[in-house]
Every structure is written in C-alpha cells, then in structure tokens.
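Working notes for the structure below.
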Amino acid sequence: MAKSQVSMKVNGKTIEALVEPRTLLIHFLRDQQNITGPHIGCETSHCGACTVDLDGKSVKSCTVFAVQANGADIRTIEGVANADGTLHALQEGFREMHGLQCGFCTPGMITRAYRLLQENKNPSEEEIRFGISGNLCRCTGYQNIVKAIQFAAAKLNGVQFQEAAE
Amino acid sequence: MIPGAFAYHRPTSVKDAVGLLAKLGDEGRALAGGHSLIPMMKLRLATPANLVDLAGIAELKGARADGNDIVIGAMMTQHELIGSDLLTSKIPILRETSLQIADPQVRYLGTLGGNVANGDPGNDMPAVMMCLGATYHVMGAKGERRIAAREFYQGAYFTALETGDVLTAIRIPVPPAGHGYAYEKLKRKIGDYATAAAAVILTMTGGKVGTCSIGLTNVAETPLWAQDAAKILVGSALDAATVKKAVAAAEAITAPAADARGPAQYRTKMAGVMLARALARAKARARG
C-alpha cells in the first residue's frame, strides 16, 4: 500500500515522515520516532496508557491512525516538563504523593491529567476521578493518583495543598 | 494488533465523500471518530480496502437551531456536545447521555453521527434519538433523504443506510420548555456498554403526564421505542400502579441476549428498573 506523507508537531518539534495508512499513532510515535513515553497497555482502547494530547484533546493513540494526526500538534509525557527542565507540577505531584508504583500507567495518567487541569483549574475529587476514568492503574488503587492531581492543581493555582483527612 | 492495509482518503466536502464512496462501493467505509471502526479493524473483523475520513469536512461540524428543530452535524464529538450551551439548554438529555458514554478520551473523538449510524445495539444515542423523535439526514449518490430514527434500525449493525450513504446530520425537534428528561444506564463500570438503559422525555400538566416518550438501549438487536408503555402513562400522575403497568409493557418488548452482563431475564428486568428510575427523575425535573 502506498505510504502517505505526514507532518505533525510533537512536543514542539515538527516531524515529517512517510507512514502506511494503517500505522497506528502509538506505533508511529514509539517505533518510528523513538518517543516511548506513551505506553502500549491493552491496545484495545481501554487502559489509557497510550494517552497523548492531540490538538487540545486527550486521545488514546492506539485508536488513532498516524494519518489522522497529519497537521496535528501533539504533546506526550516527554513534553510535559517545564521549559527550564524542572518537573511540571503534575510530575512533582506524582512524586510527592506516591502517585505511582510500577509506573506503567503514569505517562498516560499525567498526560490525561494535564488536559483535565487545562479545562478545569480546580477540580473536585469527584471531577478528578471522572476525568481520569479512561486511565487504568493496577497498582495504586487511585487514591494517591487523585492526591497527586490535587497537589498539582493547588501548586498551579498558587495555593498550599491540604491533604483531606482520611 | 495491526489492522489490514487500506488506502486513506480525506475529502473536504460531503459531495466528494459521497462520490468517493459511490465509486468504491463495498471496498470503502466512512470513518468518523473511529472508536468503533478502528477496534474492529484491529481485530480484522472489519477489513475495508479504503477509508474515507470525514474529519476534514467542515459542513459536518457544529449545531444550529432551525425553526423549532436543532440540527447537529454528524461529526460533532461527544466532548463538543457536552460543552454545547445550545444543546444543553434546549435538549439536556443529550449531555446527560453523552457523559455516560465510554470515557473522556473516547468522547473527545467519538461522534454523534458515528454513534447513531453504526447500528450497534450497545450504543446509547440511538434509543435517545428514537425517544426524541429525531430524523437523520442521509446523503447518497441519488441525493439527500431523511429517515426517522424510529424507522432507521433494522437489526444489529443493519440500518436503513445503503452502501455509499453518508449520515450528515441529526435533526431533533426541541422538546417543550419545562419538559422532564432522564437517561438511566446500568453498566458494570465506566466505559462499558449498558446492561440495560432507558431514555424518557415527558411533559407534565397539572400533575398529570401530558406527553411521554421512552427509548430502551441494548435489550434487543435494535434500540427500542416503547410506544405502548408511554401510552399507558399519559394522563396518569405516575402513580406506582400505572408505572408498574408501563414497566411491564416495556419489559414485554425486550429480547436481550445473554452475555457477560447477565442472563436475558436479568437484563429485561433491569430495563424495567432503569425505566422506573428514569420516569421518577424525569417527573422531578418537569415543570407544570
């Protein structure tokens, strides 16, 4: 099958490449571009480990063809840290609140939470849980992931994070 | 999980898309949000030789009022629908339903047109469209035709769409101001299809039901419009005895499959439970 020319911005850098139309975005990023932050978990649109930010939308890159992303602006976990190289508030939150154990779901979790906090600067616990319901974690039980996102929201809003009493 | 090879097309007008699909015949499939089709392609249950991506067609986007109707472009995503002030103020059951579909990532890309056109009995919007009395605008090689949602669904994955057709828009008559509504869905977890679900739109006048319409999801090969159940309720105050009769009438038209969501009888009963809950919530929301 003839290959298609695609051009997209990934983490601020323009990428031009030839892809087979059937190439999924996750395979394009990982195998052709060596951007291995987005993970392949279930590969059936359920787990969210492959989540990337595409034109301001959180998408599961295992369920998008690379040709559909032609012209898109994409951000992966590799592009989340601050410009000066310091950790983004979300990354800091996941570290401080122990928001990961094995870490496999973390790139997808953080990329999803990044968009959630763009859309809702001060989400309630319920809104956080609903907002990350497309991302599965098999280790943490989610409690510390929720705290990590609350930590990040507080930091981005310039307020002190208060952990809820248990 | 790599899909079979295909050629990718990205037309920029409905005319071009319809022309392409007419030429490709059974070798072509329209691609909307892709969250039903791409998983099927990964499993090789669908192996189209050509994909005609509708994402580049501006005329399929957005929603507008047209007289007493609202016309929604087929490529409006669930995420856009949830954020639409026009839709939420005029037809709030749409937002309530969208929020119960899949998960955030799927809703960013999944479209209303794809949801109603695919013919999957597990999709939530078809029963809501039957409940609302929606009409689908369909463009084919011979021009545009309009098909009532209540006449659109023929079997699992079989609809009134013919090869080469593109469902371009969904036309919904705006329910009366002050109407009550609810979409009640039982599911095992977020992202799951319904074990059973019920959509209700009703109006109340002086404490009595003026009009009532009911749709049921995933309890037959097609979504169901429970006309007899709704008729039983009209004129009543939604008292327990009448609701029980209506629930029985709704359960009687279901024919669910037994699957991992439960045996057929259970799913029929859950359709009844969802209907009773939807009626109670719609009543509480109705003014008049």
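The values are calculated or read from the model by the stated rules, or taken from the named source; none is laboratory data. Please read these numbers as outputs of a predicted model, since none were measured by experiment. Reconstructed Cβ throughout: ideal geometry from the backbone, glycine too, with neighbour counts over all protein chains shown. Note: areas computed on protein heavy atoms with side chains; ligands, DNA, RNA excluded. Shrake-Rupley method; radii C 1.70, N 1.55, O 1.52, S 1.80 Å.
Values for this structure:
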item	result
Residue of B:Glu221, B:Glu251, B:Glu162 that the Gaussian network model of chain B assigns the largest fluctuation, springs spanning Cα pairs under 10 Å	B:Glu162
Point-charge dipole on Cβ atoms (K/R +1, D/E -1) for chain A, about Cα centre, debye to 20	280
Relative contact order %, chain B, counting alpha carbon pairs below 8 Å whose residues are six or more apart	16
Accessible-area value, A:Leu136, 1.4 Å probe, nucleic acids and ligands omitted, Å²	60
Distance in nm between pseudo-label sites at B:Ser13 and B:Lys208 (7 Å out along the Cβ direction from Cα)	5.5
Approximate spin-label separation B:Arg188-B:Thr88, in nm, with each point projected 7 Å along Cα-to-Cβ	3.2
Exposure ranking of A:Lys60, A:Lys13, B:Lys23 by accessible area [1.4 Å probe, largest first]	B:Lys23, A:Lys13, A:Lys60
Rg ratio (alpha-carbon, reference 2.2 N^0.38 Å) - chain A	1.06
Inter-label distance, nm, simple model (7 Å from Cα along the C-beta direction), B:Ala248/B:Ala141	5.2
Unit charges at the beta carbon, dipole of the protein assembly as shown: most positive-side option, A:Gly141, B:Leu275, B:Gly56	B:Leu275
Taking the C-alpha atoms of segment A:94-138, convex hull volume expressed per residue in Å³	80
Protein-only accessible surface order, largest first, of B:Asp239, B:Asp165 at 1.4 Å	B:Asp239, B:Asp165
Surface accessible to a 1.4 Å probe, per residue, for the residues of segment B:98-198, Å²	33
Candidates B:Pro173, B:Pro223, B:Pro263, ranked by Gaussian network fluctuation over chain B, Cα under 10 Å, top entry	B:Pro263
For segment B:158-272: rounded, prolate or oblate by the Cα gyration tensor [a/c cutoff 1.5]	oblate
Positive-end extreme of charge dipole, segment B:94-146 - chosen from B:Asn118, B:Met129, B:Gly140 (charges on Cβ)	B:Gly140
Paramagnetic reach from A:Asp31 (point 7 Å along Cα→Cβ, amide N under 15 Å) across segment B:38-55	B:42-43
Extension gain from B:Ala257 to B:Ala5, taking 0.36 nm per residue of separation minus the Cα-Cα distance	87.4 nm
Helical segments meeting 30 Å axial Cα length and Kyte-Doolittle -0.5 threshold in chain B (DSSP H)	B:264-285
Protein-only accessible surface order, largest first, of A:His98, B:His137, B:His35 at 1.4 Å	A:His98, B:His35, B:His137
Prolate/oblate/rounded call for segment A:77-166, Cα gyration tensor, a/c under 1.5 rounded	rounded
Gaussian network model of chain B, springs between alpha carbon atoms under 10 Å - residue of B:Gln100, B:Gln78, B:Gln154 with greatest fluctuation	B:Gln154
Cα-based equivalent ellipsoid, the protein assembly as shown: semi-axes from gyration tensor eigenvalues, Å	37, 29, 19
Extension gain, A:Glu92 back to A:Arg138 (0.36 nm per residue minus Cα-Cα distance, nm)	14.5 nm
Solvent accessible area, Å² - B:Lys245, 1.4 Å probe, full protein context	130
Estimated [θ] at 222 nm from DSSP helical runs (n ≥ 4, -39500 (n - 2.57)) normalised by residues in chain A, nearest 500	-8000 deg cm²/dmol
Across B:Lys208/B:Lys244; B:Lys185/B:Lys269; A:Lys3/B:Lys23; B:Lys231/B:Lys283; B:Lys208/B:Lys245; B:Lys90/B:Lys185, pairs whose alpha-carbon gap is larger than 18 Å	A:Lys3/B:Lys23; B:Lys90/B:Lys185
Sum of -39500 (n - 2.57) over DSSP H runs of 4+, divided by residues of chain B (222 nm, nearest 500)	-9500 deg cm²/dmol
Inter-centroid distance (Cα atoms) of segment A:50-82 relative to segment B:147-176, Å	32
Area accessible to solvent at B:Val234, 1.4 Å probe radius, in Å²	70
Set of lysines near A:Lys121 by C-alpha distance (under 21 Å), chain-local residues within fewer than 8 positions excluded	A:Lys57, A:Lys147, A:Lys155
